[in-house]
Amino acid sequence: MHTYSMYIGGEFRDKKEKILIENPATQEVFAQIPQADESDLVFCIEKAKSAQKTWQKTSFKERKQLLQGISKVILENLKNLAELETKEIGKPIKETLFVDIPLAAQCFEYYASLIENVSFPSFFNKDAFDMVEYVPFGVVGMFLPYNVPLMLFGFNAAAALAAGNAIIVKPSELGSLSLLELAKYIDELDFPEGLINIITGEGPIIGKALAASDIDMFSFTGASETFKKIFESIKRPKKVISELSGVNLAIVFSDADLEESSENIMASAFMKQGQMCINTSVCLIEEGIYKQFLELLSKKMEKIKVGDPSSALTGMGPLRSKKHLEEVVNKVEEFKEKRAKIIKGGKALETKGYFFEPTIIEIPEMIYAECFNPILLVKKFNQEEIETIIAQNPTGLVLQIWSKDLKKAKALAENAQYGTVWINTFAQMDARTPFGGFKESGFGRTLGKWGLFEYLQPKHIGISFGKTQVSGWFG
Ligand code: NAD
């Protein structure tokens, strides 16, 4: 069994109390991580504060070097990191190796080049001069979910470091290993001790303590329910970015390219076993093509190979934990009680590991519930009701629209309260495009220049060289 240490204040620290890490495909316990306590957090914050003071004074050139260094070590160790995420989380190796981890490296490279081009606006008047500076917040706490730890580290840490902050990353206890492994390579790079910290342990213990601590800002990516708990722990006003759950809809009109749309909706429902924030919760199919489209989806589902995630041929691996598998099994029973019809799948595999079949369930009434699992809900719609269905979603993360009528699709996209609308596409995003939610899906954006400015606060410095606007006001 491999023992990983956490990375705080520039040192690798172990603890007596450990969390065991299980491979969800085999149920073998293969690693352990430390459970941090309050004293680790105090040490970590102190070091981070001091490192941040130094880092804030560094030139963009120096920051760029670190970001490029991180991108380089991710790519140099890509295979190792991808295999580790696959082993711990159960995502097929095709996804970790070619999508998730390369995107993390791309984010560091992107922000390295972006900061070179950040300009500082200034305004000249006759006797006055106004400058706008961008100031980092200080020490940023970063809560990450289990599904894509390195990728989301790239989304958030690259921007926060580029902006001049220190970071304390709190990965999920179900997805810490790739970050702890990466820490070994990052430690070789040149930066102030304590600038980058990865503190591990249970959310309700060390996560709660981090939220209640004296950090200056935090970003949270995870479930809306967890966010509410974290919010209650915060002791003083501070900047918070939240990337939360979404009930993502995919709308297929009868004039859509059915082949292309079905391929994409399959990917959006079953990649990562549905454990991704951009996955499709409900696929709405226009009534005229309902039967035909459902048959197409069902046929395509037969091609999904469920099994060993480390095999290049595997399309779907196991769910991350026994608890999650049990929740999915119970969910299917609940759907049955609510008159939903199982079109395909619906069962756990009778084998070792937490495998669940790719599943399609037809729902009679609209349900706005996040599906973070391999269940695709399908429902018929007619033209008259679709705008209301889109608008009534309490969340607003991702909307997919499939139609050859781009005028109609664009009009729907413009009215929709969603952070991302994909028309005839899925997962069309990279380090340059903003990502985040409307409504209950959160506040703030990652990626692009918007992601950088979330981690900076603008400061106005106004200088007068003569009489000011208010001198003589009272006579
Ligand atoms: P989660 O909410 O259970 O955990 C997120 C983080 O919060 C983890 O680090 C966890 O340890 C910590 N945590 C848990 N309880 C805590 C507490 N009481 N106090 C402090 N910290 C606590 O999420 P998850 O199950 O790991 O991930 C799945 C969820 O994440 C889904 O709902 C999904 O939609 C969401 N997600 C959203 C995005 C996005 O960009 N919008 C991206 C990925 C995942």
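The values are calculated or read from the model by the stated rules, or taken from the named source; none is laboratory data. Worth saying up front: this structure is predicted, and the values here are computed from it rather than measured. Glycine gets a Cβ as well: all are built from the backbone with ideal geometry, and neighbour counts include every protein chain shown. Keep in mind that these areas ignore ligands, DNA and RNA; they rest on the heavy atoms of the full protein, side chains included. Shrake-Rupley method; radii C 1.70, N 1.55, O 1.52, S 1.80 Å.
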Item to check | Filter pass, Pro92 being more than 20 Å from Gln273 (Cβ to Cβ), surrounded by 17 or more Cβ atoms within 10 Å (Cβ to Cβ) and not aliphatic (A, V, I, L, M) | outcome: no
Next on the checklist: Taking the criterion of being at pLDDT 95 or above and near the ligand (Cβ under 8 Å from one of its atoms), would at least one residue in the stretch 178-191 satisfy it?
Outcome noted: no
Checklist outcome for this item: Counting only residues that are open to solvent by 40 Å² or more (accessible area, probe 1.4 Å), in contact with a Ser or Thr (Cβ under 7 Å, 6 or more places away or on another chain) and within 16 Å of the ligand (Cβ to nearest atom), the stretch 215-263 contains a total of 1
Checklist entry - Can you name the residue in the stretch 364-413 that is among the basic types (Lys, Arg) and in a strand (DSSP E or B) and is also farthest from Ser281 (Cα to Cα) among such residues? => result Lys380
Checklist outcome for this item: Residue hits (the stretch 143-171; within 14 Å of the ligand (Cβ to nearest atom), touching a helix residue (DSSP H, G or I) at 6+ places or on another chain (Cβ under 7 Å) and among the polar types (S, T, N, Q)) are Asn147
Checklist entry - Does any residue of the stretch 130-142 turn out to be modelled with pLDDT of 95 or more, open to solvent by 30 Å² or more (accessible area, probe 1.4 Å) and either within 16 Å of the ligand (Cβ to nearest atom) or more than 27 Å from Glu116 (Cα to Cα) (or both)? => result no
Checklist outcome for this item: The condition from (1) in contact with a Phe, Trp or Tyr (Cβ under 8 Å, 6 or more places away or on another chain); (2) open to solvent by less than 80 Å² (accessible area, probe 1.4 Å); (3) closer than 30 Å to Lys79 by Cβ that Phe372 misses is numbered (1)
Next on the checklist: For the stretch 445-459: of the residues being within 15 Å of the ligand (Cβ to nearest atom) and open to solvent by 20 Å² or more (accessible area, probe 1.4 Å), which is nearest to Ala160 (Cα to Cα)?
Outcome noted: Glu454
Checklist entry - When you scan the stretch 184-259 for strands (runs of 3 or more DSSP E) that lie fully inside it, which ones turn up with 2 or more residues that are among the aromatic types (Phe, Trp, Tyr) and out of contact with any His (no Cβ under 9 Å at 6 or more places or on another chain)? => result 217-221
Item to check | Qualifying residue in the stretch 23-30 (condition: more than 25 Å from the chain's Cα centre (by Cα) and in a strand (DSSP E or B)) | outcome: yes
Checklist entry - Looking at Val169, Val118, which is the one that is assigned by TED's automatic domain parsing to the domain that holds Ile89 and open to solvent by less than 10 Å² (accessible area, probe 1.4 Å)? => result Val169
Next on the checklist: Return the residues of the stretch 392-415 that are in contact with a strand residue (DSSP E or B) (Cβ under 9 Å, 6 or more places away or on another chain) and either among the hydroxyl-bearing types (Ser, Thr, Tyr) or more than 24 Å from Phe220 (Cα to Cα) (or both); say none if nothing qualifies.
Outcome noted: Thr395, Gln400, Ile401, Trp402, Ser403, Leu406, Lys408, Ala409, Lys410, Leu412, Ala413, Glu414
Checklist entry - Does any residue in the stretch 322-349 that is of a type in the set (A, V, I, L, M, F, W, C) come within less than 8 Å, Cβ to Cβ, of a residue that is in a helix (DSSP H, G or I) six or more places away or on a different chain, and which pairs are these? => result Ile342/Val332; Ile342/Phe335; Ile342/Lys336; Ile343/Leu294; Ile343/Ser298; Ala348/Leu325; Ala348/Val328; Ala348/Val329
Checklist outcome for this item: With criteria (1) in a helix (DSSP H, G or I); (2) touching a Pro at 6+ places or on another chain (Cβ under 9 Å), Leu97 comes up short on (2)
Checklist entry - Taking the stretch 334-362 as the search range and keeping residues that are surrounded by fewer than 17 Cβ atoms within 10 Å (Cβ to Cβ) and not charged (D, E, K, R), which one is nearest to Ser298 (Cα to Cα)? => result Ile342
Checklist entry - Among (1) under 18 Å from Phe153 (Cβ atoms); (2) buried (at least 22 other Cβ atoms within 10 Å of the Cβ), where does Val73 come up short? => result (2)
Checklist outcome for this item: Here the residues within the stretch 336-354 that are in contact with a Lys or Arg (Cβ under 9 Å, 6 or more places away or on another chain) and not β-branched (Val, Ile, Thr) are Gly346, Tyr354
